[in-house]
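To start, the structure under review is shown below, and the notes come after it.
What follows is calculated from the coordinates using simple rules that are stated; it is not laboratory data. Just so you know, these numbers come straight off a predicted model, no measurement behind them. FYI the Cβ positions are ideal-geometry reconstructions off the backbone, even for glycines, and counts take in every protein chain you see.
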Amino acid sequence: MSGLQLANREAAVVLTKQLLKDGAIVAVKGIGGYHLVCDARNNETVTRLRHRKRRPKRPLAVMACSLDSCEKIGILSSDEKELLTSMERPIVVVRQNADNDLASEIAPNMCTFGLMLPYTPLHHLLLEDDELVFVVMTSANPSGHPILYRDDEVLSSLASVADYILTHNREIVHPIEDSVVQWKESGLEFLRRGRGYVPDPYETLHDVDGFVALGGQQKNTVTFGRGTQLFVGPPNGDLTNLDIERHGQEEYGQFVQLSGVFPHTAAVDLHPGYTTRVLVSDPSIEFVSVQHHHAHHVSCMEDNGLTGDCYGLILDGTGYGTDGCIWGFELLYGNAGAVERLGHLRYTPLPGGELCVKQPWRSAVAMVLSLLPQCGEAWLRRLYPSKDHEIDLIRTMIEKQINAPLAGTCGRLFDAVSSLLGLCHVSTYDGEAAIVLSELASYYEGEEVAAYPYSIDKVGSLFEISCSRMLEEIIQSILGGVPVAEIAVRFHETVAAAAVNLLLHTHEEHSGNVKEVVLSGGSLHNRYLSAKLRSKLERQGFEVYEHRRVPCSDSGISQGQIIIAAHQKHNDHN
């Protein structure tokens, strides 16, 4: 890419189409930022794009020229067709048609992929060609960095990634990512709430005027309150990256101006290591700490207009607990004012702490060593024959309690089983191990399967789920040659059954509690798991509520944080 202008106006579009058909990677300016675009049927080009962007496996979104074309590569329901053609034009996660002619590298090891239709005149012009029906349309920024939208940064930032740039003279003032949604049995679900939906406000039953919630460290979003209106901002990304942090600060300042809200109180996550406070430069703002899973609970309550006490099943990856351990498989009861923890997944060590998130095999080794002390180590050496030294190190870390915090999270449980099954030992993108495992069960249509054995015990005042017997049978099935997909479906069934029975055990002791339950946490993006939880709970007479306006993942917790903070402050003043 030389920086020389090759063509302009109509000639630029004509040239770009020919370059794409010839196998080029072109950075195309949209309305919210730049995308990297290439022919989605050219496997060599898609592979080259992955190599240049350093994105080895994460699924790539595909833009199709028409709805008819979409139906040739995806299996679409009427609801999914309606989403694709809606004025918001989100990326819709759909089931792949097995005999589609897309490049195999579009979505490796996946039965789903993200599909979208053109939403700008430039997109329509590019796809007005019978030989260019499908293009990859992925954000141009390097993974983990802010969206690329400033013209003066594009040439230097993409010199080694894009072969050419197609731009226009309309300035992008507010960058924003494409929205990503999926349609489940319960309705529309946001995986990422961005272009087309942000910054539309919505009404709440609470007075949130002058409050702001700063979200979580990962999948960060900020929510502002004006009167009884909530403004949920665009996704910022992971604030552990300095560039993302600066971008978040800019977005915060722009959103203050856009919403006309000058906050006096900011809600932040209870985690002592989170850096979300740096988004705010006003020294007069008062900070209120909110426990992570309480925020999930209340976020889903807010999505459904609930204000009274209810149960919450919160299944996610990481959240700092009030006991200093890592929570993520929680049964709660309460409301915005207060919540009580009633049950959880039994704790196991995380050797290396956050390193386990990127290396799921660590979670697998630690979980098996902890829960199966008699036979686990021998089985691990058979499953991981090249990791004898690492297994010894992890055993020592656990025994001597060296950098091995205790955790009980649904995300790490999925990671461990994914690694044991040989699906993903090292994640190349956020949630890869759990996502690849969930894909094996997403569209399961066979006979109902039996759950693996597990136990629920009363430990002190809390009920605990123990998965030791499940892990034992899973490992025996792996060593016995049972098909991976069969094990995956039974594992999903076990997680759903254990979560529901945790609630039933608790409700027997608290029979006066309301039989309403909200479902939240990133693990609930899993189609099979969320559908099973809903059906099992409804059969037991519970009213079940899921997210409707914000994602169930950490992208939605700022909505819960702001309601909790406002409730706390108003109560303090009364």
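For the Cα atoms of the chain, what angle does the longest principal axis make with the long axis of helix 242-259, in degrees from 0 to 90, nearest 10?
Approximately 80 degrees, to the nearest ten.
In whole Å, what is the distance between the alpha-carbon centres of segment 378-398 and segment 491-534?
Cα centres, segment 378-398 to segment 491-534: 33 Å.
Could you work out the relative contact order of segment 443-574, using alpha carbon pairs under 8 angstrom and six or more residues apart, expressed as a whole percent? Mind dumping the intermediate values first?
On the way: 112 pairs, mean separation 27.7, N = 132.
So the answer I get is 21 percent.
Tell me the label only: which of (1) 178, 69, 38; (2) 113, 46, 45; (3) 73, 64, 46 is Cα extents along the principal axes in Å as calculated from this structure?
Step by step, Cα extents along the principal axes in Å for this structure corresponds to label (3).
Taking the Cα centroid of segment 407-444 and of segment 94-143, what is the distance between the two, rounded to the nearest whole Å?
So the separation of the two Cα centres works out to 25 Å.
Which order, highest average first, do 294-306, 194-206, 423-435, 523-535 follow once you tally other Cβ atoms within 10 Å for each residue and take the mean per peptide? Numbers along the way, then the final one.
Working: 294-306: 25.5, 194-206: 16.5, 423-435: 20.3, 523-535: 22.2.
Order by mean packing, descending: 294-306, 523-535, 423-435, 194-206.
Which of rounded, prolate, oblate describes segment 9-178, given a ≥ b ≥ c as roots of the alpha-carbon gyration tensor eigenvalues and a/c under 1.5 marking rounded, otherwise prolate only if a/b is larger than b/c? It would help to have the intermediate numbers written out before the result.
On the way: a/c = 1.44, a/b = 1.32, b/c = 1.09.
The shape class here is rounded.
Taking segment 1-97, which trypsin sites (Lys or Arg not before Pro) meet the DSSP loop condition and have no more than 14 other C-beta atoms within 10 Å?
Values: sites: R9, K17, K21, K29, R41, R48, R50, R52, K53, R54, K57, K72, K81, R95; in loops: R41, R54, K57.
Answer by residue number: R54.
With the Cα gyration tensor of segment 173-302 giving a ≥ b ≥ c as the square roots of its eigenvalues, does the rule (a/c under 1.5 for rounded; else a/b larger than b/c for prolate; else oblate) give rounded, prolate or oblate? Spell out each step's value before the answer.
Details: a/c = 1.29, a/b = 1.20, b/c = 1.08.
Rounded shape, in that the Cα axes give a/c under 1.5.
If the cut-off is a Cα-Cα distance under 18 Å, which lysines reach K358, setting aside same-chain residues fewer than 8 apart in sequence?
Leaving aside lysines fewer than 8 places away in the same chain, those within reach of K358 are K57, K219, K387.
Please identify which residues in segment 383-427 have an amide N closer than 15 Å to a label point set 7 Å out from the Cα of L479, following the Cα→Cβ vector.
383-385, 420-421
What chymotrypsin sites (Phe, Trp or Tyr not before Pro) in segment 38-139 are in a loop by DSSP, with at most 16 other Cβ atoms within 10 Å of the Cβ?
Values: sites: F113, Y119, F134; in loops: Y119.
Filter output for segment 38-139: empty list.
Out of all DSSP beta bridges in the chain, what portion is antiparallel? Express it as a percent rounded to 5.
If I count the DSSP bridges inside the chain, around 65 percent turn out antiparallel.
Please determine, in degrees from 0 to 90 and to the nearest 10, the orientation of helix 410-420 with respect to the longest principal axis defined by the Cα atoms of the chain, where the helix direction is its Cα long axis.
Taking the Cα atoms of the chain, the angle to 410-420 is about 80 degrees.
Once you order the gyration tensor axes a ≥ b ≥ c over the Cα atoms, which shape class does segment 348-545 get: rounded for a/c under 1.5, otherwise prolate or oblate by comparing a/b with b/c?
On the way: a/c = 1.84, a/b = 1.44, b/c = 1.28.
Judged from the Cα gyration tensor, segment 348-545 comes out prolate (a/c at least 1.5, a/b above b/c).
Given the rule -39500 (n - 2.57) for each run of at least 4 DSSP H residues, summed and divided by the residues of the chain, what is its mean residue ellipticity at 222 nm, to the nearest 500 deg cm²/dmol?
-11000 deg cm²/dmol
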